[in-house]
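Participant: Got a structure here, written out as structure tokens. Questions coming.
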């Protein structure tokens, strides 16, 4: 090959370097890039932890939990839950699960629990379900059916319509003045106020939509009961956890245990993950 880079009998080092770099560049571009989940799967034998947020929140609420899980070597993915309808949200999360290779630990907070109960149905890679103060509905039940008698939600919400303006085109918000007491009582007033301002509402169709599957009947489950929860009555949480045959832990926490008690949350997720080995 060296003869290719001779000019009038004189070897050109510069041309050799340029050609080698060009060959390397072509080889890089000709190699298909693997999805990030596949790269993660290749680098660890641990299951991928998928974190699904609920209403009045977004994926950033998982920040501390995700960081701690990554430090322990777990691949983590926290998709944006659309919060438009239980059927559509579950289908969306299910489509994400299908792109992940290897075992999955699926975690749902609040309304996210109803989503994972449906999204995991029929996916053999989902080895464990973890509910963090989450809904675990039976077929036909909605989240509105399960908030419990002592929930402050019915007296704390307000409605704002959105286009195109059909019967169910209404977003449900927690009033900012009631947000901390209802949703995040063990956070500072400043932190709770920021969450209230940035809350992502759920469409009325999400809260009122009936569950279509019960993955917790066939997949082992774990449940964190938030004992100071004013969003989902702790008695209702206990009912759902026991009905699902879940491994239960109790924490003195508001509804946002994923933020106020990330260590306890991670401990439960890791316990579920180790049970999949």
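Participant: For the stretch 119-143, name all the residues that are under 15 Å from residue 84 (Cα atoms) and surrounded by fewer than 24 Cβ atoms within 10 Å (Cβ to Cβ).
Facilitator: Listed by number, the list holds a single entry, 142.
Participant: So which residues in the stretch 58-92 are assigned to a helix (DSSP H, G or I), closer than 30 Å to residue 170 by Cα and in contact with a strand residue (DSSP E or B) (Cβ under 6 Å, 6 or more places away or on another chain), if there are any at all?
Facilitator: Residue satisfying the conditions is 62 alone.
Participant: Let me ask you something else. Any residue at all in the stretch 94-108 that is without any contact (Cβ under 8 Å) to a residue 40 or more places away in the chain and assigned to a helix (DSSP H, G or I)? Break it down stepwise before answering.
Facilitator: Taking the stretch 94-108 as the starting set, the residues that turn out to be without any contact (Cβ under 8 Å) to a residue 40 or more places away in the chain are 94-95, 98.
Within this subset, residues satisfying the condition of being assigned to a helix (DSSP H, G or I) are 94-95.
Yes; the residues of the stretch 94-108 include at least one that is without any contact (Cβ under 8 Å) to a residue 40 or more places away in the chain and assigned to a helix (DSSP H, G or I).
Participant: Scanning for something in a loop (DSSP other than H, G, I, E, B), assigned by TED's automatic domain parsing to the domain that holds residue 268 and modelled with pLDDT of 95 or more, does the stretch 157-167 turn up at least one residue?
Facilitator: No, the conditions are met nowhere in the stretch 157-167.
Participant: Scan (1) within 15 Å of residue 231 (Cβ to Cβ); (2) free of Cβ contacts under 8 Å to residues at least 24 places away in the same chain for the single condition residue 163 breaks and write down its number.
Facilitator: Unmet for residue 163, out of (1) within 15 Å of residue 231 (Cβ to Cβ); (2) free of Cβ contacts under 8 Å to residues at least 24 places away in the same chain: (1).
Participant: Going through the stretch 85-115 one residue at a time, which ones are touching a helix residue (DSSP H, G or I) at 6+ places or on another chain (Cβ under 7 Å), under 22 Å from residue 274 (Cα atoms) and crowded, with 19+ Cβ neighbours inside 10 Å?
Facilitator: Passing the criteria: 97, 100, 104, 105, 106, 107, 108, 109.
The values are calculated or read from the model by the stated rules, or taken from the named source; none is laboratory data. No experiment lies behind these values; they were computed from the predicted model shown. No Cβ is skipped: glycine too gets one built from the backbone with ideal geometry, and neighbour counts run over all protein chains shown.
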